[in-house]
Amino acid sequence: MNKVVLMGRLTRDPDIRYSQSEKQTAIARYTLAVDRTFKREGEPTADFISCVAFGARAQFAEKYLRKGVKIAISGRIQTGRYTNREGATVYTTDVIVEDQEFAESKAVSDRSRSEFAAGYRDQAASAPEPSGAPADGFMNIPDSIDDGLPFN
């Protein structure tokens, strides 16, 4: 089975191109910065994963995705190779996107995008709750509502 699930931030705006065939197909290429769980002194704290989306997914990327936006994707790994102009063989590894979705709200994303551009990562985790929300993130349910719940 070849299945990949990633969450990270776009390192730049997607690069959109269209195939030259009779029925043009949109092709979007972008790179996700995916934070590493374990970080060692002197090593990178993120991996930069090359992603490719086709068709409607590429059009979605063109319309909605921008540098710094946090998204979750699923897809498959595809490897390839080509010979560059100097005659050297270049090996490639891409994630072919099968599904992509936003991983945070637009308000948090806008704030995080500006922080990301300034060199910060994943500030959304420490972002304050929206006004009126309890500090622990859970909504208070009045005791009188227990009668209407299917479990006690």
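Laboratory data are not the source of any read-out in this text; all were calculated from the coordinates shown. Small disclaimer: the values here were computed from a predicted structure and weren't measured. Here Cβ is always computed from backbone atoms with ideal geometry, including for glycine, and neighbour counts include all displayed protein chains.
Odds and ends about this structure:
- Here is the list for segment 39-95: GluC sites (Glu not before Pro) lying in DSSP coil, each with at most 11 other C-beta atoms within 10 angstrom of its C-beta, are Glu41, Glu86.
- Cα-Cα over 25 Å, subset of Lys3/Lys106; Lys23/Lys63; Lys3/Lys23; Lys39/Lys106: Lys3/Lys106; Lys3/Lys23; Lys39/Lys106
- Among Phe48, Tyr64, Thr83 the positive-end extreme of the charge dipole of segment 29-109 (Cβ point charges): Tyr64
- Remark: spin-label model distance Asn84-Lys67 equals 2.3 nm, labels positioned 7 Å along the Cα→Cβ axis.
- Per-residue ³J(HN,Hα) for segment 31-38, Karplus 6.51 cos²θ - 1.76 cosθ + 1.60, θ = phi - 60°, Hz, x for Gly and Pro: 10, 9, 8, 10, 4, 7, 5, 9
- Chymotrypsin sites (Phe, Trp or Tyr not before Pro) restricted to segment 1-87 and DSSP loop, no more than 14 other C-beta within 10 Å: Phe38
- Net lengthening on full extension, Gln24/Lys39 (0.36 nm per residue, minus Cα-Cα): 1.1 nm
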